[in-house]
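What follows is a short report on a single structure.
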Amino acid sequence: MPNTQLGNVFEVEPLRAAGDAALATIDEPAIDIELIHRGNRKRTAIASFAERDPVVVQVCEEPTWLRTEAALLGEIMERTFVPVPPVLATGSHDGVAYILTAFVGGADLHERFTAVDAETRHELASWFGKALGRLHEAFEFDGYGRLVLSDGVFTPGHGDWPSWFRQYGLRAVERLPEAFDPVCDDLRALFKDSPAEAAPTARLFPWDFRPGNALVADGSVTAVLDWEAPLAAPPALSVAKSEYLMADWYVDDPGPLRQAFEDGYTAVRPYPSVHPAHRAAAIAESAVDSAGVVTNPRYPPVGRAAALAFHRDALVDVVSDERTERG
């Protein structure tokens, strides 16, 4: 029987029907369903029950995304120490995909990251570095770009590194709003030639690997969330983005947090050489969300004008660094 409460959180009928299909895999009716705002590509809700633990139900009109995410969660649990929500069920209904995962407790680390003491913050940054290093060790691919699950195998969409990276970087630049126009020509020039070696080894690129997608309890990470639309890319690209979202995003002096992140990573594997083009792509891609809205750093988040200045200044610094490297 359809759960009438889903109508309050998944307003569109195909999404509601997929949510019903997901909850039908549980042999107990939900007594409460609460919408939570997480990401722009899928709808997410927490379903509570009288006799069993809560579950998280997510629906998405791009079936390949959730199918890939569900498989990736299972592989991450098997291959690494990175905590992710256990998958309880996955499927689709009339073209809309659903995934049901266990509910994991914990506070939003985005809200707590600057509130904890400096030592705990550095320990968390080190943990993120170690976790990313382990993910890079555990997943290797023979191409670049969006990963799609095909016959049980994660398959990247592109085989040529210079071409893919140029497209990735330029697409991020073209999405920037008008306020970034003074630096855009310099950014485009960074992507004329790919940095570093011609065909670097691709590893898992969890493109939104940050405190805002983590839960924490007693100073420890209990879960990392939102693994949708994963990519394959050289380690330097995901390191550059995680550094930005981990350190620069939250504090005025990001150096110590960057060092803690690097220390954690190097405890697992050598730190990659990060080129200014890697940083430019990471920052430009982080400056606007999937809906094209400028993202707001810090917590509490700054307003739009300060956010524009934050991202623009970071990109200007990258261009300056590139000119220094060229001599």
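The values are calculated or read from the model by the stated rules, or taken from the named source; none is laboratory data. Everything numeric in this text was worked out from a predicted model, so none of it was measured. Don't worry about glycine lacking a Cβ; one is built from the backbone with ideal geometry, like all the others, and counts go over all protein chains shown. These area figures cover heavy atoms from the full protein model, side chains too; ligands, DNA and RNA do not enter into them. Shrake-Rupley method; radii C 1.70, N 1.55, O 1.52, S 1.80 Å.
I need the GluC sites (Glu not before Pro) found in the range 103-197, filtered to DSSP loop residues with at most 13 other beta carbons within 10 Å of theirs.
Those that pass, being in a loop and sparsely packed, are E197.
Remind me, relative contact order of the chain in percent, using alpha carbon pairs under 8 angstrom and six or more residues apart?
Relative contact order, the chain: 17 percent.
At what distance in angstrom do the alpha carbon centres of the range 282-302 and the range 135-189 lie from each other?
Value for the Cα centre distance between the two parts: 18 Å.
Shape call for the range 176-327 from the C-alpha gyration tensor, a ≥ b ≥ c root eigenvalues: rounded (a/c under 1.5), prolate (a/b greater than b/c) or oblate?
In terms of gyration-tensor shape, oblate.
At 222 nm, what value in deg cm²/dmol follows for the chain if DSSP H runs of at least 4 each add -39500 (n - 2.57) and the sum is divided by all its residues, to the nearest 500?
Per the formula, -13000 deg cm²/dmol.
Could you tell me how many degrees, from 0 to 90 and to the nearest 10, lie between the Cα long axis of helix 304-326 and the main elongation axis, the longest principal axis, of the Cα atoms of the chain?
Result, in degrees: 40.
For the chain, what is the charge dipole size about the Cα centre, in debye to the nearest 20, if Lys and Arg each add +1 at the Cβ and Asp and Glu each add -1 at the Cβ?
460 debye
Looking at the square roots a ≥ b ≥ c of the eigenvalues of the Cα gyration tensor of the chain, which shape do they give, rounded for a/c under 1.5, prolate if a/b is larger than b/c, or oblate?
Because a/c hits 1.5 or more and a/b exceeds b/c, the chain counts as prolate.
Per-residue accessible area for S273 at 1.4 Å probe radius, Å² rounded to 10?
My reading of the accessible area for S273 is about 100 Å².
What lysines sit close enough to K130 to cross-link, taking a C-alpha to C-alpha distance under 25 Å and skipping anything fewer than 8 places away on the same chain?
By straight Cα distance, K130 reaches K241.
Using Cα atoms only, what is the angle between the long axis of helix 255-266 and the major principal axis of the chain, expressed in degrees (0 to 90) to the nearest 10?
70 degrees
If you count, for each residue, the other Cβ atoms within 10 Å and average over each peptide, how do 75-88, 226-239, 57-70 line up from highest to lowest?
Sorting 75-88, 226-239, 57-70 by mean packing, highest first, produces 226-239, 57-70, 75-88.
Would you mind checking the tilt of helix 276-287 against the longest principal axis of the Cα atoms of the chain, expressed as 0 to 90 degrees and rounded to 10?
The angle comes out at about 40 degrees.
What length, rounded to one decimal in nm, is gained on full extension from E123 through to D181, with 0.36 nm per residue of separation minus their alpha-carbon distance?
Length gained between E123 and D181: 17.1 nm.
Using +1 at the C-beta of Lys and Arg and -1 at the C-beta of Asp and Glu, which of W227, M246, C184 has the Cα lying farthest in the positive direction of the dipole of the range 159-251?
The one lying farthest along the dipole's positive direction is W227.
With every protein chain left in place, what is the accessible area of D185 in Å² (1.4 Å probe, nearest 10)?
Surface accessible to solvent at D185 totals approximately 110 Å².
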